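I have placed the structure first, in the form of structure tokens, so that the comments after it can refer back to it.
The values are calculated or read from the model by the stated rules, or taken from the named source; none is laboratory data. Everything numeric here is computed off the predicted structure, so don't read it as measured data. Positions of Cβ are generated from backbone atoms using ideal geometry, with glycine treated the same way; all protein chains shown enter the neighbour counts. Areas reflect the complete protein model, heavy atoms only, side chains present, ligands, DNA and RNA absent. Shrake-Rupley method; radii C 1.70, N 1.55, O 1.52, S 1.80 Å.
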Amino acid sequence: NTVGAILTKGTDPQIITGSYDSTIKLWDLAAGKCMTTLTHHKKSVRALAQPSFENTFISGAADNLKKWVGSDGRFVKNFTGHKAVINALAVNDDGVVLSAADDGTMNFWDYGSGHCFQTSTTVAQPGSLDAENGIFAAEFDLTGTRLITCEADKTIKIWKEEEKASELSHPVDMASWRKKCIVEAKRRY
């Protein structure tokens, strides 16, 4: 039951942990015990993140990302589509979620809808093996516009948003995304 991720909060539950046994636990510090165990993931939970703008959190595993209510652990929705072992999650104040993985892939999601609007892949530093392009940790800076990643090739990389990006240069295929949401809504979790 190795703990792979931890969140701390000012309100109960004050500690949330994600484990390699695919569970998430919400802890009561005053009582010194687990309040709730969430068993919705099928793979090891290696990453947790919480936004500053609402009492929810998101968990990441190799099966998918899941959004939860922060106070009691009620399941909200799945974010599906990142086909790798998720090692890091980050959320900025604009509601952008980053999921970063063992294979160097990064997916950017809308926190409210669960829509993956951009994917990218890091590049291993020259002289590194291709297998060293994994991302182990990630965080947005205080402005929310720069992303800092810690990677397997022993580098720290700073990414900034593309200033000239627009809906015309990066269109969103809402029709196919709606179809995907309908299919997922019919599945039982």
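Before moving on, here are some points about what is shown:
- Among the residues listed as Ala84, Ala47, Ala61, the single one being within 24 Å of Gly10 (Cα to Cα), open to solvent by less than 20 Å² (accessible area, probe 1.4 Å) and of a type outside the set (D, E, K, R): Ala47
- Qualifying residue in segment 128-135 (condition: modelled with pLDDT of 90 or more and over 26 Å from Ser166 (Cα atoms)): yes
- Any chance Asp21 is part of a loop (DSSP other than H, G, I, E, B) and closer than 27 Å to Ile148 by Cα: no
- Against the list (1) more than 20 Å from Lys43 (Cα to Cα); (2) touching a Cys at 6+ places or on another chain (Cβ under 9 Å), the condition Ile148 fails is (2).
- Members of segment 24-44 that are among the hydroxyl-bearing types (Ser, Thr, Tyr), open to solvent by less than 60 Å² (accessible area, probe 1.4 Å) and in a loop (DSSP other than H, G, I, E, B): Ser44
- Residue among Ser176, Ser113, Ser99 that is farther than 20 Å from Phe57 by Cα and out of contact with any Pro (no Cβ under 6 Å at 6 or more places or on another chain): Ser176
- Residues of segment 145-157 that are part of a strand (DSSP E or B) and under 23 Å from Ala131 (Cβ atoms): Leu147, Ile148, Thr149, Cys150, Glu151, Ile156, Lys157.
- Selection within segment 159-177 - of a type outside the set (A, V, I, L, M), open to solvent by less than 90 Å² (accessible area, probe 1.4 Å), at pLDDT 70 or above and not in a loop (DSSP other than H, G, I, E, B): Trp159, Ser176
- Residues of segment 62-78 satisfying the condition of being assigned to a strand (DSSP E or B) and either of a type in the set (Ser, Thr, Tyr) or closer than 19 Å to Thr149 by Cβ (or both): Leu65
- Scan segment 103-118 for residues that are at pLDDT 90 or above, surrounded by fewer than 20 Cβ atoms within 10 Å (Cβ to Cβ) and under 17 Å from Lys160 (Cβ atoms) and the total you get is 1.
- Ala47 more than 16 Å from Val76 (Cα to Cα) and in a loop (DSSP other than H, G, I, E, B): no
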